[in-house]
Amino acid sequence: MKNIILSLTLMVGIVFSAGATSNKSYSIDYIQGEGDVTGIKLAMQYHVDWLKQYSEHLNMYFESSLNLWEYGAENEYDSNLVLAISPVIQYPIAQLANKPIFVEFGIGVSLLDDTVFAGKNVSTHYQFEDRLGLVMQFGKNNQQSVALRYFHYSNAGFKRPNPGLDFIALNYTRFY
C-alpha cells in the first residue's frame, strides 16, 4: 500500500510541475453507477500541448481527481473514497452551433479506500481508470464544457476476483 501511495504522489507531482506551463481547468461530475451507486467527482485538469507536434487537432490533459461513491440506503450505507490520475487525449469530431465537440479517451490509475463496495469485491486498492467521453465546449472563448463520460475501474486481472465497476458521468468544466 505504501508503494501505491508513493507512486500516486510522484505522479501527481509530475502533473503539477507540468501544470506550471499549462492551462488549468476545474471540473465536477455527477456519477451514476450500477444499481444504486451514485457519486461526485472533483477534478483539476492540466492541459499540455505535448501532442501538437503530431497533430494540431490533438488535445491532451492530465486529470487528478477525488471521487466519493455512495451505495445503498441509510441503514445499509456504503461509501468509497477514490483518488485518481489520468492522462486524457481529445480529438475534435464535429461542431454544433460553431462550438467544438470532442471525443476523448484515457487510461489512468486510481486508489480506492475500500476493496469491497456495492456488493462487489474488486480485490485490490489499486485500479485502472478507463474513460471514454463526448465533450462540448461553449461560452466566451470556449472557457466552459459539458461532457458525458463512461468510466470503468478494474485491476486488469492482476488479482481475482476482478468484476470491475462501471459508471456514467455528467460533467461540467471551467477553464482558467
Along the dipole axis of the chain (charges at Cβ: +1 for Lys and Arg, -1 for Asp and Glu; origin at the Cα centre), the most positive-end residue among Ser64, Pro92, Asn162 is Pro92
Contour minus Cα-Cα span, Asn121 to Leu96, at 0.36 nm per residue, comes to 4.8 nm
Karplus-derived 3J(HN,Hα) from phi for the stretch 94-110 (6.51 cos²θ - 1.76 cosθ + 1.60, θ = phi - 60°), whole Hz, x at Gly and Pro, runs 6, 9, 10, 6, 6, 10, x, 10, 10, 9, 9, 8, x, 9, x, 10, 9
Between Gln144 and Tyr77, the FRET efficiency computed from the C-beta separation at R0 = 41 Å comes out, to the nearest 0.05, as 0.75
About its Cα centre, the chain carries a charge dipole, from +1 on Lys and Arg Cβ atoms and -1 on Asp and Glu Cβ atoms, whose size in debye to the nearest 20 is 620
Neighbours of Leu58 by Cβ distance under 12 Å: Lys/Arg at +1, Asp/Glu at -1, summed charge -2
Here the net charge surrounding Ser25, from other residues whose Cβ is less than 11 Å away from its Cβ (Lys, Arg +1; Asp, Glu -1), is +1
The helix 2-18 Cα axis meets the longest alpha-carbon principal axis of the chain at an angle in degrees, between 0 and 90 and rounded to 10, of 10
Quick calc, the stretch 66-154, dipole around Cα centre from Cβ unit charges on Lys, Arg (+) and Asp, Glu (-), nearest 20 debye, gives 640
Binned at 10 Å starting from 0, the alpha-carbon pair-distance distribution of the chain in whole percents comes out as 10, 37, 34, 16, 3, 0
Between Asn23 and residues 5 or more places away or on another chain, the pairs with built amide H atoms under 5 Å apart involve His47
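Rule-based calculations on the coordinates, nothing more; no lab input. Because the structure is predicted, anything quoted here is derived from the model rather than measured. Note that we place each Cβ from the backbone using ideal geometry, even for glycine, and neighbour counts take in every protein chain shown.
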